[in-house]
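Below is one structure; the comments refer to it alone.
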């Protein structure tokens with residue numbers, strides 16, 4: 001009986017050491033984000049918004065990430081009927097993340113899959129749809145670096161390539177993908193918290 005108790009005690013002690021070595025299993029990031037092209041085709045160039053993500057580390061170097069962002073073009077778009085329409089672009093992405101922890105700097109790389117949703121914000125005029133669907137399957141790949149300020153807080157800079165498959169709704173070119181909209185770069189910076 002004492003041997004069993006001793007084996008259980010040693011096993012629990014060793015598991016606590018392993019968990020303590022991993023430490024800070026959950027990382028939560030939030031901050032400002034810029035996308036160099038607007039997926040909704042409303043803004044003539046880049047759009048501003050926010051980006052938030054959570055990474056749960058399964059191992060010291062490997063984790064699973066959930067990433068969310070929203071962008072708000074502030075410039076209305078004029079359609080053929082001269083109606084003004086704004087839009088909001090949301091991304092919902094999930095996938096693996098590989099991290100290399102080095103003292104204060106922690107570079108990481110990731111590959112994410114998910115969806116992008118474009119929400120038209122009608123300004124009281126006729127709402128014309130530009131794409132065949134408001135949702136698109138999205139791939140993302142990128143990375144960045146965390147700079148630790150304290151054990152639980154740090155700063156993050158990251159860049160991601162996003163690929164979507166939105167198709168234009170046009171009688172002249174049915175089913176044509178909009179090439180400038182397919183591939184965009186998203187740059188984000190903000191605060192990362194570790195628990």
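A few comments on the model shown:
- Criterion (farther than 17 Å from residue 29 by Cβ and modelled with pLDDT of 90 or more) met by exactly one of 112, 93, 139, 149: 139
- Across the stretch 121-132, not a single residue is classified as at pLDDT 75 or above, crowded, with 16+ Cβ neighbours inside 10 Å and farther than 17 Å from residue 61 by Cβ.
- Subset of the stretch 165-195 (residues that are under 22 Å from residue 139 (Cβ atoms), buried (at least 20 other Cβ atoms within 10 Å of the Cβ) and at pLDDT 85 or above): 184, 186, 188
- Some residue of the stretch 62-76 being closer than 26 Å to residue 24 by Cβ, surrounded by fewer than 14 Cβ atoms within 10 Å (Cβ to Cβ), modelled with pLDDT of 85 or more and touching a strand residue (DSSP E or B) at 6+ places or on another chain (Cβ under 8 Å): yes
- Top-ranked residue in the stretch 137-152 [being over 19 Å from residue 50 (Cα atoms) and touching a residue at least 40 places away in the same chain (Cβ under 8 Å); ranked as surrounded by the fewest Cβ atoms within 10 Å (Cβ to Cβ)]: 151
- Among the numbered conditions (1) under 15 Å from the mean Cα position of the chain (by Cα); (2) modelled with pLDDT under 95, the only one that residue 38 does not meet is (1).
The values are calculated or read from the model by the stated rules, or taken from the named source; none is laboratory data. These numbers were taken from a predicted model, which means no experiment stands behind them. Virtual Cβ from ideal backbone geometry, glycine too; neighbours counted across all protein chains shown.
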